[in-house]
Amino acid sequence: MALSKFKPASFDLTDNYAFTGTTTGVTDTNQLVLIKTLTASSSNTLSFVNGASSVVLDATYKTYLFKFIDIHPATNNVDFVINYTTDGTNFNVTQTSSMFAAGHSEDNSATLLEYRAGADVAQGTNPQVAENLGNGNDECFSGELFLFNPSSTTFVKRWQGNTATYNQANYSLNHFSAGYANTTSAVTGVEFKMSSGNIDLGTIKLYGIL
Amino acid sequence: MAFGEVGTALSKIKSPAVNLADTFAFSGTVTGFTKTPLTLLSTFTSDGSDATASFTSGIDSTYKEYLFVLNDIHPQTDGAVFEFQASTNTGSSYGVTATTTCFDVVGDEANENQNLGYRTGSDLAQSTNFINLNRNSGGDNDQASSGVIRLYNPSSTTFVKHFTSRVIGNWAANGSFDTFTAGYFNTTSAVDAVQFKFASGEIQGGTISVFGVA
C-alpha cells in the first residue's frame with residue numbers, strides 16, 4: 001500500500017519547523033503588527049522611513065501606532081516633537097495641531113486642565129507631543145500616537161497622541177495632542193526629536209493596524 | 001531506516017501527504033509566523049462577590065507595556081469609586097507612592113448636566129492611597145464601567161512607572177461618565193503586581209484582562 005497520509009504520530013513534534021510557505025484556512029487574528037523598534041542612545045532624532053531599515057509606512061496599513069516607552073531627554077525642560085516627510089529626507093511637512101493637558105504637582109499646590117498654547121503649531125513644524133520634560137535620572141514620559149492613513153493622496157494626514165509625563169517641575173502631566181500634516185502627498189516618514197538636545201534613552205515602537 | 005521514522009532518507013513531505021484534519025500539538029518552536037504583539041496573560045472574572053481583583057504574576061520585564069481591559073465592572077455599592085494600586089513586593093502590600101491627574105466628562109440622560117473638569121478630589125500628590133479610576137459607579141442592574149489602562153515598563157529600576165487610563169461608566173444619577181486618569185508610580189523599584197477594587201463594597205460582576213504588548 002502506498003504511503004499516502006502522515007498522521008501526527010509520524011512527526012517529531014518536539015522538532016522545530018520553519019514554515020516558508022503559505023498557511024491557508026486559518027483566520028489571521030493578528031490585527032496589530034509590530035513593524036519596527038528603535039532604541040535611543042543619545043540620539044539626535046529617531047526616524048521611521050518607509051523602505052529603510054525594514055520600516056513599512058505606506059498603504060499596507062490604514063492606521064499606524066507609535067508607542068513611546070520611558071523617553072528620557074538629555075536636556076532639562078525640553079519638548080518632544082513630531083515631524084513628517086514626503087520625500088524620505090526632509091522632515092518639513094507643514095502641520096496644524098492642538099494640545100491640552102491635565103496636570104498635578106507633587107506638592108499638591110497646583111492642578112490644571114487647560115489648552116497648551118505654547119505646544120501647538122499653526123501651519124508650522126515641530127508640534128509637541130509631550131512638553132517640559134525633566135532630565136532627572138528617574139524622569140521620562142511614556143505614551144502612544146496614532147497616525148491615520150499616511151499614504152492618502154486625497155486627504156491631509158491626521159494624528160493623535162496621549163502621553164503621561166514626569167515633567168521638569170515635578171508635575172504629573174497627561175498630554176492630549178492632535179493635528180494634521182497639511183499635505184495631500186503621501187507621508188513616507190516620521191521623525192521624533194527633542195526641541196533641544198538629544199533623546200538620551202527610550203524606546204519607540206511602530207505598529208501597523210489592519 | 002525503520003518504517004515510521006521520517007528522517008534522513010525521506011526529506012520532503014508535500015502537503016497532500018499530511019492529513020490536515022488531524023490535530024498536531026507541536027512542543028517545538030515554530031518559526032516563520034508573525035508573532036502577535038498582543039498576548040493575553042490572564043483574566044479576572046468576578047464571581048459576584050470579590051473584595052479585590054489582583055494580578056500578582058506575569059507583570060515583569062517580558063513586556064514594555066501592559067494593557068488592562070476592564071469590561072462591565074459592576075459595584076455592590078451605588079456610587080462607589082473604582083480604583084487601583086500597584087505593588088513592589090508581588091502583592092504582599094499595595095501602596096506605591098503616586099502622583100496623578102484626573103479629569104472627566106459627564107453628560108446625563110435628562111440632558112440637564114454636561115460638564116468637563118479637573119477633579120481635585122480624585123487625584124493624588126505623592127500619596128500611597130488607591131488611585132481613582134472614576135468618581136462614581138452606578139450600581140443599577142444595567143450599570144457598570146469599562147475601559148483601558150496602560151502601564152508602561154513596570155520592571156524598570158531606572159525610571160518612575162507611567163500609566164494612563166480611560167474608563168467609561170454610568171453615573172449613579174444616570175449619565176455617561178468618561179474619566180481620564182494618568183500619572184506615575186514614583187519609585188525606581190520594579191512594580192510586579194496590580195490590584196483593583198471599589199473604595200466601598202464588592203466587585204459584583206465583570207472581567208479584567210491583562211495583555212502584554214510586545
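Among the residues of the range B:135-153, what is the count of those that are farther than 22 Å from A:CYS140 by Cα and of a type in the set (Lys, Arg)? Walk me through how you get there before you give the answer.
Filtering the range B:135-153 for residues farther than 22 Å from A:CYS140 by Cα gives B:135-147.
When the remaining residues are screened for being of a type in the set (Lys, Arg), the result is B:135.
The qualifying residues number 1.
Within the range A:177-204, track down each residue that is farther than 22 Å from A:ASN92 by Cα and under 14 Å from the mean Cα position of the chain (by Cα). Explain how you work it out, then say what you get.
If we filter the range A:177-204 for residues that are farther than 22 Å from A:ASN92 by Cα, which is where we start, we get A:200-203.
Those that are farther than 22 Å from A:ASN92 by Cα and under 14 Å from the mean Cα position of the chain (by Cα): A:GLY202, A:THR203.
Please enumerate the residues belonging to the range A:14-36 that are closer than 28 Å to A:PHE66 by Cα, at pLDDT 75 or above and at the interface with chain B (Cβ under 8 Å from one of its Cβ atoms).
A:LEU32, A:VAL33, A:LEU34
When you go through B:ASN129, B:ASN141 one by one, which is the residue that is more than 26 Å from B:GLY91 (Cα to Cα) and either of a type in the set (S, T, N, Q) or surrounded by 17 or more Cβ atoms within 10 Å (Cβ to Cβ) (or both)? Reasoning before the result, please.
Working: B:ASN129 fails: more than 26 Å from B:GLY91 (Cα to Cα).
Matching residue, one of B:ASN129, B:ASN141: B:ASN141.
Mind checking which pairs have a first residue in the range A:164-181 that is within 13 Å of another protein chain (Cβ to nearest Cβ) and closer than 11 Å to B:THR99 by Cα and a second that is surrounded by fewer than 24 Cβ atoms within 10 Å (Cβ to Cβ) and among the charged types (D, E, K, R), Cβ under 7 Å, 6 or more apart or different chains?
A:TYR166/A:GLU139; A:ASN170/A:GLU106
Hey, can you tell me all the residues within the range A:75-115 that are over 21 Å from A:PHE48 (Cα atoms), in contact with a Leu (Cβ under 9 Å, 6 or more places away or on another chain) and more than 9 Å from every other protein chain (Cβ to nearest Cβ)?
A:THR75, A:ASN76, A:ASN77, A:VAL78, A:PHE100
Which strands (runs of 3 or more DSSP E) sit wholly inside the range B:73-155 and have at least 2 residues that are at the interface with another protein chain (Cβ under 10 Å from one of its Cβ atoms) and touching a strand residue (DSSP E or B) at 6+ places or on another chain (Cβ under 8 Å)? So that I can check it myself, show each step before the final result.
Details: elements: B:82-87, B:98-108, B:114-118, B:145-152.
Output list reads B:98-108, B:114-118, B:145-152.
Return yes or no: is B:THR181 without any contact (Cβ under 8 Å) to a residue 40 or more places away in the chain and under 25 Å from B:TYR63 (Cβ atoms)?
Working: without any contact (Cβ under 8 Å) to a residue 40 or more places away in the chain: no; under 25 Å from B:TYR63 (Cβ atoms): yes.
No.
Conditions tested, residue by residue: (1) within 23 Å of A:LEU133 (Cβ to Cβ); (2) crowded, with 22+ Cβ neighbours inside 10 Å.
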| residue | (1), (2) |
| --- | --- |
| B:ASN136 | no, yes |
| B:PRO154 | yes, yes |
| B:SER165 | yes, yes |
| B:GLY169 | no, yes |
| B:GLU202 | no, no |
| B:THR207 | no, no |
| B:ALA214 | no, no |
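Within the range B:34-72, take every residue that is loosely packed, with under 15 Cβ neighbours inside 10 Å and over 26 Å from B:SER92 (Cβ atoms) and give me the one that is nearest to the other protein chains (Cβ to nearest Cβ).
The qualifying residue nearest to the other protein chains (Cβ to nearest Cβ) is B:THR34.
The values are calculated or read from the model by the stated rules, or taken from the named source; none is laboratory data. None of these values were measured; they are calculated from a predicted model. All Cβ positions, glycine included, derive from the backbone under ideal geometry; neighbour counts span all protein chains shown.
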